[in-house]
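The values are calculated or read from the model by the stated rules, or taken from the named source; none is laboratory data. Worth saying up front: this structure is predicted, and the values here are computed from it rather than measured. Note: ideal-geometry Cβ built from the backbone for every residue, glycine included; neighbour counts use all protein chains shown.
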Amino acid sequence: MMDPLSLGLLVAFMTIVVLFSGVSVASGLLIVSAGFLLIFDGMRSLELMPEIFFGKLNSFALLSIPMFIIMGAAISSTRAGADLYEALERWLTRVPGGLVMSNLGACALFSAMSGSSPATCAAIGKMGIPEMRKRGYPDEVASGSIAAGGTLGILIPPSVTMIVYGIATETSIGRLFLAGVMPGLLLVGLFMAWSIYDTWRNGSAEVLAQRSYTLRQKLEILPRVIPFIVIILGVLYAMYGGIATPSETAAVGALLCLVIAMIIYRLWSPKALWTILSDSTRESVMILFIIGAAGVFSYMLSSLYITQSIAAWISDLDVNRWVLMGIVNVFLLVAGFFLPPVAVILMAAPILLPIILAAEFDPYWFAVILTINMEIGLISPPVGLNLYVINSIAPDIPLKTILRGSLPYVGCMVLAIVILCFFPGIATWLPDMVMGPV
């Protein structure tokens with residue numbers, strides 16, 4: 001029998017090999033889990049795999065995932081993103097850098113409605129990138145700001161990744177949502193500050209304030225946007241006012257978004273509605289499949305004493321807890337370069353949470369740190385999903401230009417992590433105020 005730590009290294013290596021072979025994340029986790037259980041625990045351990053897989057999915061909280069996905073799909077299928085962008089652009093046009101601020105503000109609000117980074121990139125980018133280029137903004141600013149703004153979808157509530165973290169670590173989903181609000185606003189502020197500075201630095205100061213709209217033009221766009229914002233506020237109020245659970249709130253939000261999409265945007269076509277439901281089902285099944293497979297993977301790690309050995313080894317290291325946090329951040333950053341956020345959270349959270357708690361870090365604060373690391377992965381190669389979404393929207397902008405434009409925003413995210421390390425209350429203040437201290 002191998003030493004558990006050596007076995008852990010072998011599991012990590014084989015997992016990387018299997019995932020890079022091209023199989024899906026969920027299938028890869030199941031293949032690795034079954035292989036190691038068969039070799040080290042025998043055939044009888046495989047009999048538990050189906051029970052563990054479906055037991056991991058036997059959670060009422062998981063119902064919120066498909067509901068929030070339907071909510072986002074209903075919004076993404078309409079002109080809500082374009083209208084949101086246009087409304088902010090009309091109201092902020094006289095502010096220096098108003099257009100880039102409009103794009104980032106629209107990304108933040110659309111993130112709160114959809115909870116999806118690629119959907120946010122696509123919805124805001126289709127309108128925002130051509131308009132910014134037409135008005136003289138550099139291609140790097142136009143593409144990089146939208147790519148970075150899209151990452152807010154997994155931090156600003158409602159966030160599917162926060163739900164997954166809550167389920168994986170058995171922490172409060174409502175508190176996790178609140179923990180993401182202030183850091184999300186912090187990131188929006190940093191993104192806006194860099195975008196305006198970069199535009200001015202590149203000699204494009206004349207584009208920072210252009211075009212004017214009448215009060216009538218500003219007001220006429222609001223009726224198309226306000227209903228969705230009311231839904232966001234209503235969902236948050238129902239969740240934190242003790243009216244409904246996150247799953248019940250998500251179901252009501254999904255229904256209201258479908259109704260508004262049908263009434264305001266005339267989305268009556270059965271084909272369009274079927275597309276929303278079928279796409280949502282496909283994405284939900286993919287996430288739930290990963291959750292079930294990650295449950296089996298976690299069982300394998302625990303059964304072979306890998307999780308316990310890693311946690312004990314790290315806790316025995318005679319290092320400052322902030323050095324430990326730095327090591328954890330590097331690990332999360334590298335993992336986020338290659339794997340989707342949901343997979344990283346499900347694989348890493350059960351191992352990292354005991355270490356985080358032993359080092360006396362707040363688990364809700366850590367959820368924000370973890371999520372920002374996952375955001376960096378969304379705009380960093382080799383995977384960098386948001387980069388490819390932007391490239392599909394504006395194919396005439398080279399991928400290297402989009403990457404070059406997004407790198408400063410990676411710096412903004414790293415700065416946000418540093419700020420949160422010095423001032424953890426940015427993440428914990430709102431949950432403690434609304435729901436009381438843990």
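Among (1) at pLDDT 80 or above; (2) in contact with a helix residue (DSSP H, G or I) (Cβ under 8 Å, 6 or more places away or on another chain); (3) part of a helix (DSSP H, G or I), where does S6 come up short?
(2)
Restricting to the range 23-82, what's the tally of residues that are modelled with pLDDT of 80 or more, farther than 23 Å from D279 by Cα and among the hydroxyl-bearing types (S, T, Y)?
Looking only at that region, the number is 1.
Please tell me if Y305 is in contact with a helix residue (DSSP H, G or I) (Cβ under 6 Å, 6 or more places away or on another chain), more than 30 Å from S77 (Cβ to Cβ) and surrounded by fewer than 17 Cβ atoms within 10 Å (Cβ to Cβ). Lay out the reasoning, then the answer.
Values: in contact with a helix residue (DSSP H, G or I) (Cβ under 6 Å, 6 or more places away or on another chain): yes; more than 30 Å from S77 (Cβ to Cβ): yes; surrounded by fewer than 17 Cβ atoms within 10 Å (Cβ to Cβ): yes.
When the stated conditions are applied, Y305 passes them.
Here are the criteria: (1) aliphatic (A, V, I, L, M); (2) in contact (Cβ under 8 Å) with a residue 24 or more places away in the chain; (3) farther than 30 Å from S143 by Cα. Tell me which single one L317 does not satisfy.
Condition not satisfied by L317: (2).
Could you check the range 170-193 and list, in sequence order, the residues that are crowded, with 19+ Cβ neighbours inside 10 Å and more than 21 Å from C421 (Cα to Cα)?
Answer for the range 170-193, where residues must be crowded, with 19+ Cβ neighbours inside 10 Å and more than 21 Å from C421 (Cα to Cα): I173, G174, M192.
Out of V418, V438, V410, V342, which single residue is over 16 Å from the mean Cα position of the chain (by Cα), part of a helix (DSSP H, G or I) and at negative phi?
None of the others qualify; the one that does is V418.
Scan the range 347-373 and report the pairs whose first residue is without any contact (Cβ under 8 Å) to a residue 40 or more places away in the chain and whose second residue is of a type in the set (V, I, T), with Cβ atoms within less than 7 Å and a gap of 6+ or a chain change.
Taking only residues 6 or more apart or on different chains, the pairs are L352/V328; F366/I356.
How many residues does the range 35-65 hold that are touching a residue at least 40 places away in the same chain (Cβ under 8 Å) and either aliphatic (A, V, I, L, M) or under 13 Å from I291 (Cα atoms) (or both)? Full working, then the answer.
Looking only at the range 35-65, we keep the residues that are touching a residue at least 40 places away in the same chain (Cβ under 8 Å), and these are 36-37, 40-41, 45, 48-49, 52-57, 59-65.
Now drop any that are not either aliphatic (A, V, I, L, M) or under 13 Å from I291 (Cα atoms) (or both), which leaves 37, 48-49, 52-57, 59, 61-63, 65.
Qualifying residue count, the range 35-65: 14.
Consider only pairs whose beta carbons are under 6 Å apart and that are at least six residues apart or on different chains; among these, list those whose first residue lies in the range 9-23 and is without any contact (Cβ under 8 Å) to a residue 24 or more places away in the chain and part of a helix (DSSP H, G or I) and whose second residue is of a type in the set (G, A, S) and surrounded by 14 or more Cβ atoms within 10 Å (Cβ to Cβ).
Note: pairs meeting the criteria are V18/G28.
Keeping to the range 218-263, report how many residues are touching a helix residue (DSSP H, G or I) at 6+ places or on another chain (Cβ under 6 Å) and either touching a residue at least 12 places away in the same chain (Cβ under 8 Å) or outside any loop (DSSP other than H, G, I, E, B) (or both). Steps first, answer last, please.
Filtering the range 218-263 down to residues touching a helix residue (DSSP H, G or I) at 6+ places or on another chain (Cβ under 6 Å) leaves 218, 221, 224-225, 227-228, 231-232, 235, 238-240, 244, 246-247, 249-251, 253-254, 256-258, 260-261.
Right, trim to either touching a residue at least 12 places away in the same chain (Cβ under 8 Å) or outside any loop (DSSP other than H, G, I, E, B) (or both) and you get 218, 221, 224-225, 227-228, 231-232, 235, 238-240, 246-247, 249-251, 253-254, 256-258, 260-261.
Qualifying residue count, the range 218-263: 24.
Which of the residues that make up the range 377-390 are touching a residue at least 60 places away in the same chain (Cβ under 8 Å) and either more than 27 Å from L30 (Cβ to Cβ) or not in a helix (DSSP H, G or I) (or both)?
I379, N386, L387, V389, I390
Within the range 134-153, restricting attention to residues that are touching a residue at least 12 places away in the same chain (Cβ under 8 Å) and surrounded by fewer than 23 Cβ atoms within 10 Å (Cβ to Cβ), which residue is nearest to G336 (Cα to Cα)?
Quick first cut of the range 134-153, residues touching a residue at least 12 places away in the same chain (Cβ under 8 Å) only: 135-153.
Filter once more, so that each one left must be surrounded by fewer than 23 Cβ atoms within 10 Å (Cβ to Cβ): 135-136, 138-140.
Numbers: R135: 34, G136: 33, P138: 28, D139: 26, E140: 23 Å.
Selected residue: E140.
For the range 309-323, which positions are surrounded by 14 or more Cβ atoms within 10 Å (Cβ to Cβ) and touching a helix residue (DSSP H, G or I) at 6+ places or on another chain (Cβ under 7 Å)?
Taking the range 309-323 as the starting set, the residues that turn out to be surrounded by 14 or more Cβ atoms within 10 Å (Cβ to Cβ) are 309-312, 314.
Passing the criteria: S309, I310, A311, I314.
Does any residue of the range 205-213 turn out to be of a type in the set (D, E), part of a helix (DSSP H, G or I), at pLDDT below 80 and loosely packed, with under 13 Cβ neighbours inside 10 Å? Write out each step before concluding.
Just the residues of the range 205-213 that are of a type in the set (D, E), to begin with: 206.
Narrowing further to those that are part of a helix (DSSP H, G or I): 206.
So of that shortlist, the ones also at pLDDT below 80 come out as 206.
Next, only the ones that are loosely packed, with under 13 Cβ neighbours inside 10 Å stay: 206.
Yes, the conditions are met somewhere in the range 205-213.
For residues in the range 1-54 being acidic (D, E) and surrounded by 11 or more Cβ atoms within 10 Å (Cβ to Cβ), which is nearest to V342 (Cα to Cα)?
Going through the qualifying residues, I end up with E51.
When you go through (1) within 23 Å of the chain's Cα centre (by Cα); (2) hydrophobic (A, V, I, L, M, F, W, C); (3) in a helix (DSSP H, G or I) one by one for F361, which number turns out not to apply?
(3)
From the residues in the range 341-376 that are surrounded by fewer than 22 Cβ atoms within 10 Å (Cβ to Cβ) and of a type in the set (F, W, Y), which one is nearest to T307 (Cα to Cα)?
F361
Quick check, is F337 among the aromatic types (F, W, Y), out of contact with any Pro (no Cβ under 6 Å at 6 or more places or on another chain), farther than 18 Å from P354 by Cβ and at pLDDT below 85? Before the answer, list the steps.
Numbers: among the aromatic types (F, W, Y): yes; out of contact with any Pro (no Cβ under 6 Å at 6 or more places or on another chain): yes; farther than 18 Å from P354 by Cβ: yes; at pLDDT below 85: yes.
Yes: the conditions hold for F337.
Given the conditions (1) touching a residue at least 24 places away in the same chain (Cβ under 8 Å); (2) at negative phi, and given that L92 satisfies all but one, which numbered condition is not satisfied?
Answer for L92: the failing condition is (1).
Need pairs with beta-carbon distance below 8 Å; first residue in a helix (DSSP H, G or I) and within the range 177-192, second of a type in the set (F, W, Y) and crowded, with 21+ Cβ neighbours inside 10 Å; sequence gap 6+ or separate chains.
A179/Y364; F191/Y409
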